[in-house]
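As structure tokens, the structure follows; a few thoughts come after it.
All of the numbers you see were taken from the coordinates with simple rules; none came from a lab. Note that the coordinates shown come from a computational prediction; the quantities given were computed from them, not determined experimentally. Because the Cβ atoms are built from the backbone with ideal geometry, glycine has one as well, and the counts that use them run over all protein chains shown.
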Amino acid sequence: SCAAAPRADALPLRSIADYFGGNDSVPAILGGLRGGDDWAREMAGLMDNCSPTSLLVTAEMITRGAASSLAECLDRELHAAEQITALPDFAEGVRAVLVDKDRAPAFDPASIDEVDPAVVCRVVGER
């Protein structure tokens, strides 16, 4: 049987926002999590294993989605999926998790600071 979804008030969303003081930039979020409690540091560690490009794409998708209709969000998601699967990080993530199972991806670029904003815009779609 399917487990019941958690109640919205049981989710830690408010506490997540408290770690970065309303600044929704990825570096600010990661910095806030790294300076937080055990749970926050664990979340930062999980994010450290993600593709830096994907983190920035996700943040941009959330930002744009806040002011978009459902249809616009779904169109943007489809476009992003088509674009992101063509990037080398997608194949590297598949290799690290499904093929070699070493869980040690070597993403390129390796840090958020190195991600080309033009790539993020191409994946998400121009404004």
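For this structure, a couple of remarks:
- 3J(HN,Hα) along segment 76-89, derived from phi through the Karplus expression 6.51 cos²θ - 1.76 cosθ + 1.60 where θ = phi - 60°, amounts to 5, 4, 5, 4, 4, 4, 5, 6, 6, 5, 8, 7, x, 4 Hz, with x in place of Gly and Pro.
- Shape class for segment 73-122, computed from the alpha carbon gyration tensor (a ≥ b ≥ c): oblate, with a/c not under 1.5 and a/b at or below b/c.
- Which of LEU70, GLY32, GLY93, positive extreme of dipole for segment 29-127 (C-beta unit charges): LEU70
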